[in-house]
Amino acid sequence: MTDKTANQMWGGRFAAGPDAIMEAINASIGFDRRMAAQDIAGSRAHAAMLAATGIVSAKDAEAMREGLLTILSEIEAGEFAFSTALEDIHMNVESRLKDLIGEPAGRLHTGRSRNDQVALDFRMWVRDQVDAAIEGVQALMKALVVQAEAGADWVMPGFTHLQTAQPVTWGHHMLAYVEMLARDLSRFRDARVRMNESPLGAAALAGTSFPIDREMTAQALGFDRPMANSLDAVSDRDFALEFLSAASICAMHLSRLAEELVIWSSAQFRFVRLSDRFSTGSSIMPQKKNPDAAELIRAKIGRIFGANVALTMVMKGLPLTYSKDMQEDKEQTFDAADSLMLALAAMTGMVSDMTANREALEGAAGSGFSTATDLADWLVRTLNMPFRDAHHVTGALVALAEGKGCDLPDLTLADMQSVHGAITEEVFGVLGVHNSVASRMSYGGTAPARVREQVARWQAVLA
């Protein structure tokens, strides 16, 4: 098969046969340029260490460090010419450094390899994303706590199977998501502790014969310590997998809240009104106000979870140490981080701006016989009835109310006594939704007093 035939097979994407194809599949500069700041920070720390240990002269190290700052300025200003032929961010930076300072640039790579260099850059980049995620999660938690404080005693229906179950408070519902996000916060923080070890100095895979100081570079770059095994240092991507795993669970929580906002903002529920900033209209139906931001957040989980699965598949069959497969660790991690941060920011905006419809919430709170469990509990507590018997009596009363087309509080005492003669007028004191939520004083319960306690706790934690 001729090169011309091969090019026709591959289409017009490649102009120069197999060499162009290899360059296209091998190069990572199209995406790993995002790690430029981390790459330059790592190189500046490495240069300082090389001088401190006498491996290079102080003059050469200073030229390297100044030249690297110039390159960072060029990149940040959009003036840097990236080259696919130079494959990756590391070689692009090194080539430009040679243009700027000449021969000393060639000494920068002493005692390291692109293997530990990329492991360092990627680890630092992911660490930065973890820090950003922690800030984003905390901002959303604060917005939810504000909502919880405002509606600590607003009643609404609590659901199981999306069917009315028992009345709860708006504040209690908001705080449920604060608890979920707190676990996300814990996972991100926990992952950060584990990833905060430096692979720099592992070189290609076996360490180096140069008298480098790995403690010095680790400290300079904000790591707790250098990684203890050079083979593991260049081949580990657990830090990215942990980030993606934590991001996937966090995105799932955001998706659940987004789903509720989609339902609650509908004309059928009218529980919340989303601001115009996070809604869109319809091209044909002028009355529509669509919760598009919530729907897009709901979809982000697919991208983030997909990245987690994809990187797991990349890593699962790799022998130690580095394989080119690991170049596929970045694009999807970058996309997942972008998706998570956008989802967190959008959800924080929506929660901060949304207005809960207190009247609609309260109107729905008593629907679907939501105080039936309160009635059963009263039968147990007041009449000393076994709970299973109380459950049966309450079920019969619900059936009676259904037949009459009314709710439990609307039954007369005579109606109730027709089912069980020992029921007294006192039962009506537990059937109102406000009485119901006020009685749920167990730790973690929905009583307004408990909600306010939790609001105060979270305000102190997040202060």
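The values are calculated or read from the model by the stated rules, or taken from the named source; none is laboratory data. Just so it is clear, the structure is predicted and the values come from calculations on it, not from any experiment. Note that each Cβ is placed from the backbone with ideal geometry, even for glycine, and that neighbours are counted across all protein chains shown. Heavy atoms of the whole protein, side chains included, go into the accessibility calculation; ligands, DNA and RNA do not. Shrake-Rupley method; radii C 1.70, N 1.55, O 1.52, S 1.80 Å.
Charge dipole of the chain (Cα centre as origin; +1 on each Lys and Arg Cβ, -1 on each Asp and Glu Cβ, all else neutral): 180 debye, rounded to the nearest 20.
The base-10 log of I(q)/I(0) for the stretch 290-435, evaluated at q = 0.12, 0.14, 0.20 Å⁻¹, reads -0.69, -0.75, -1.11 [Debye formula, identical scatterers on Cα atoms, solvent excluded]. The slack in the chain from A204 to Q219, taken as 0.36 nm per residue of separation less the alpha-carbon distance, amounts to 3.3 nm. Per residue, the chain exposes 47 Å² of solvent-accessible protein surface, assessed with a 1.4 angstrom probe and all protein chains in place. With a simple spin-label model that places each label point 7 Å from the Cα along the Cα-to-Cβ direction, the separation between M341 and D410 comes to 5.4 nm.
F334 sits with roughly 10 Å² accessible to a 1.4 Å probe, with DNA, RNA and ligands left out of the calculation.
With q set to 0.13, 0.14 Å⁻¹, the log10 of I(q)/I(0) for the chain, from the Debye formula over equal scatterers at the Cα positions, is -1.15, -1.24.
In the chain, the DSSP-assigned H stretches of four residues or longer account for a calculated mean residue ellipticity at 222 nm of -20500 deg cm²/dmol, using -39500 (n - 2.57) per stretch and the full residue count as denominator. Annotation: F82 carries an accessible surface of approximately 60 Å², with a 1.4 Å probe and no ligand, DNA or RNA atoms counted. The fraction of accessible area contributed by carbon and sulfur in the stretch 251-405 is 55 percent, rounded to a whole number (1.4 Å probe; ligands and nucleic acids excluded).
In loop segments of the stretch 186-289 as defined by DSSP, the trypsin sites (Lys or Arg not before Pro) with at most 12 further C-beta atoms inside 10 Å of their C-beta are K288. Here the stretch 118-264 is assigned +1 on the Cβ of each Lys and Arg and -1 on the Cβ of each Asp and Glu. Its dipole about the Cα centre then comes out at about 100 debye. Placing pseudo-labels 7 Å out from each Cα toward the beta carbon at R452 and K324 gives an inter-label distance of 6.7 nm. Rolling a 1.4 Å probe over the protein chains gives M313 an accessible area of about 100 Å². On full extension, the segment bounded by S266 and H434 gains 58.0 nm, given 0.36 nm per residue less the C-alpha separation.
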